[in-house]
Each structure stands twice: as structure tokens, then as C-alpha cells.
Amino acid sequence: SGIYSEAPRNQGFGRTVAINNVGTSIAIAGPQISGSPMTDIPLEWRGQTFTRTVNGAVYTYDWNPSTLSWDQFGNKIVGDHYYSNLGFDLDLNDDGSVLAVSAPTPAYYFPSGYVAVYDRSGSNWSLKGSKIYGSGDANGRFGFSISLNSAGDRLAISAPLASYSGIQVTGAHY
């Protein structure tokens with residue numbers, strides 16, 4: 001059976017997907033999905049006020065062999081500030097118990113982008129440690145691409161437009 005978004009059209013649902021090694025868990029992101037875990041923050045631009053946010057969201061599903069369908073696991077994970085574009089990239093470890101998601105787009109409060117890693121905890125996801133923020137380079141696109149190893153205990157993060165001491169370099173990987 002198919003998996004369909006609750007978000008309106010043109011918000012990027014399915015832009016990035018990941019599936020665990022045995023094919024029983026899937027993560028689907030919509031980095032342009034609007035909405036906030038808090039009240040939407042009004043934005044002013046050229047004298048107009050907007051309340052649309054582009055936080056991004058990630059949904060996870062487990063295969064149900066009894067119904068031959070995908071059942072949503074846990075709550076959706078939503079970017080914590082506007083224009084974070086959470087879910088620009090994501091990855092699951094081999095057994096689907098660890099999920100990494102990125103938000104590389106510069107945003108108002110966190111200009112360098114961030115990556116968050118989550119563990120399955122009961123019937124939901126719980127943040128593993130703290131979010132990982134870029135070095136502060138507003139244009140570095142920290143988290144543009146991410147990859148977990150099979151166990152989910154190592155993470156590679158790219159920042160393809162990073163600069164060092166104001167000098168443009170060819171990017172950085174962490």
C-alpha cells in the first residue's frame with residue numbers, strides 16, 4: 001500500500017527517504033512542510049507579514065505484515081525553527097533503531113544548520129544526546145548530506161560550502 005502525506009501539495013513530502021537493511025522501517029521527509037511545534041512566528045518581509053513556516057518534517061513507518069501496509073511509528077519529527085528545512089537528508093541504521101536527520105538551510109536563529117540523531121524509545125523517537133550544530137558558517141550548509149553506519153553509532157556530516165576563517169574552501173566533512 002502507498003504512504004501519503006497529510007501536508008498540502010508542493011511541500012516536498014518524499015524528497016528524501018531511507019529504509020533499513022531488512023526493509024521493515026522507512027523514514028520519509030518533507031523538508032518544506034509547514035508547521036511548528038510552537039505557534040507559528042510571524043515573519044516580516046518587504047512590509048508584509050507572513051505566518052507560514054517551513055520547518056520541515058520527518059515521518060517514520062513500520063511494515064505491518066498482517067495488514068500488508070505501512071503503519072506510522074511515533075509522532076512526526078518537526079524542525080524546531082522556521083526555515084530549518086528539517087529532513088533535507090536523513091538516514092536509518094541497519095535495524096531501523098537509529099534515525100539521523102539534517103536541517104542544513106540557514107535559519108534565523110541557527111544560521112549554520114544542524115543534525116539530530118534519534119533512538120527508538122518505546123512507541124516514539126527520543127533525541128540521542130544534543131543536536132549537532134555547524135561551526136557558525138552561515139552559508140556552509142552543514143548537514144547537506146549525512147550517513148549513519150550500520151550500527152548507528154557513527155555519523156558522517158557534510159558542509160559542502162564551508163569556509164575557514166572567511167576563506168572559501170571546497171567544503172568540509174565531519
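Most tightly packed first, judged by the mean number of other beta-carbon atoms within 10 Å of their residues, the peptides 22-30, 153-161, 121-129, 55-63 read 55-63, 22-30, 153-161, 121-129. Packing order of peptides 65-72, 144-151, highest average first: 144-151, 65-72 (average count of other Cβ atoms within 10 Å over each peptide's residues).
Each reported figure results from applying straightforward, stated rules to the coordinates on display, with no laboratory input. Since we're looking at a predicted model, the values are computed, not measured. Cβ sites come from the backbone with ideal geometry, for glycine too, and all protein chains shown count toward neighbours.
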